[in-house]
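Report on one structure; see the data block that follows.
Only the coordinates and a few stated rules stand behind these numbers; no lab work does. Predicted model, so just to flag it, every value in this text is computed and none were measured. Here the Cβ positions follow ideal geometry from the backbone for every residue, glycine too, while neighbour counts run over all protein chains shown.
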């Protein structure tokens, strides 16, 4: 099971975070954005500071630690990425982010894993369909949409990688749900 999860996740995540900056392709894609209320959920994650190019190493560490702690059977949702900094405003070596998996509520973990909870209830949400490296432009578009409607970001960006086997999906069909916590100004 570890080999399948690691291979699938590694292929997806290397592409997912390889280029979070804007690109012309994503800017031209339609994006349906809505404010929605979401339920809190637990996730097990590895926290990391550094460039997104290190994602492969972080995924290997995440899956290896989850396997060593018997947590692969506790996965209850997709892999998530939580991003605390804007790539254009933060040096790559200073970017703070984490990768993890949604898990069942009664999960416990030991270092290097952290049991975390997504507690942001109100988010601007959009389903981005396309290459992972174009998600940065979608995030920029959501940020602009928020500002134009009198909202402001109120937490880190969360990406939910929805395809179970991204290596079997054409890049232009990959699905990433983007959540940006927000509050009315």
Problem set entry | Contour excess over end-to-end distance, with Cα ends at residue 121 and residue 67 and 0.36 nm allotted per residue | 16.4 nm
Seminar exercise, completed: Least to most buried among 97, 145, by other C-beta atoms within 10 Å and fewest first, runs 145, 97
For this session: Answer rounded, prolate or oblate for segment 36-101, using the Cα gyration tensor with square roots of eigenvalues a ≥ b ≥ c: rounded when a/c is under 1.5, else prolate when a/b is larger than b/c, else oblate.
Result: oblate
Exercise. Based on the Cβ-Cβ distance from residue 164 to residue 94, what FRET efficiency comes out when R0 is 35 Å, to the nearest 0.05?
Worked result: 0.60
For this session: Give me the distance between the Cα centres of segment 60-108 and segment 140-181, rounded to whole Å.
Result: 16 Å
Seminar exercise, completed: Here, residue 38 and residue 110, labelled 7 Å along Cα→Cβ, have an inter-label distance in nm of 3.1 nm
